[in-house]
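The values are calculated or read from the model by the stated rules, or taken from the named source; none is laboratory data. Keep in mind that this is a model prediction, so the values were computed, not measured. No Cβ is skipped: glycine too gets one built from the backbone with ideal geometry, and neighbour counts run over all protein chains shown. Each accessible area value is taken on the protein alone, full model and side chains, heavy atoms only, with ligands, DNA and RNA left out. Shrake-Rupley method; radii C 1.70, N 1.55, O 1.52, S 1.80 Å.
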Amino acid sequence: MKVLETKNAPGAIGPYSQGFEVNGFVYTSGQIPVDPATGEVPAGIAAQAEQSCKNVGAILEAAGAGFDKVFKTTCFLADMGDFAAFNEVYAKYFTSKPARSCVAVKDLPKGVLCEIEAIAAK
């Protein structure tokens, strides 16, 4: 097992890693829309979805993988009313159309509107 760590995605805010590479697969922790350069969270679902996708991409890149290798995602939304706007951004990144679960949750860390985790092949 190899721990994944990159400065191009937010550091873990708890007792976990940004991701792991195990037996040729990449597992990312859930990525919330924190800008790793500033620590700020953008306003609105579209901007937050964009930043969450960028954060997932940075971890994939650190592992030598990419969005085209992702075969499963789990997405968390604070409000299912944001589903269409979230999907519009998500579709720009996850063009291979991986299997996905998308659920509404009561709260997310830092009060963000979305979170994305991914599993990819190398």
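Quick rundown of the values:
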read-out	value
Out of Gly11, Gly39, sole residue that is at negative phi and in a loop (DSSP other than H, G, I, E, B)	Gly11
Any hit, the range 22-30, residues being on the phi > 0 side of the Ramachandran plot and not small (Gly, Ala, Ser)	yes
Residue check for Asp107: exposed (fewer than 12 other Cβ atoms within 10 Å of the Cβ) and over 24 Å from Glu61 (Cβ atoms)	yes
Residue ID - surrounded by the most Cβ atoms within 10 Å (Cβ to Cβ), chosen from residues in the range 63-96 that are β-branched (Val, Ile, Thr) and not in a strand (DSSP E or B)	Val89
Filter result for Ala46 (open to solvent by 30 Å² or more (accessible area, probe 1.4 Å), assigned to a helix (DSSP H, G or I), touching an Asp or Glu at 6+ places or on another chain (Cβ under 9 Å) and farther than 20 Å from Ile119 by Cβ)	yes
Long-range neighbours under 9 Å by Cβ, at least six apart or interchain, first residue touching a residue at least 12 places away in the same chain (Cβ under 8 Å) within the range 54-82, second among the β-branched types (Val, Ile, Thr) and in a helix (DSSP H, G or I)	Ala65/Ile59; Phe67/Val56; Val70/Val56; Thr73/Val56; Leu77/Ile45; Ala78/Ile45; Asp79/Ile45; Asp82/Ile45
The range 1-49, subset in contact (Cβ under 8 Å) with a residue 60 or more places away in the chain and of a type in the set (Phe, Trp, Tyr), residue farthest from Asp82 (Cα to Cα)	Phe25
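Quick grid of which residues meet (1) in contact with a Pro (Cβ under 9 Å, 6 or more places away or on another chain); (2) assigned to a helix (DSSP H, G or I); (3) among the basic types (Lys, Arg):
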position: Gln51; (1), (2), (3): yes, yes, no
position: Asn55; (1), (2), (3): yes, yes, no
position: Lys106; (1), (2), (3): no, no, yes
position: Ala120; (1), (2), (3): yes, no, no
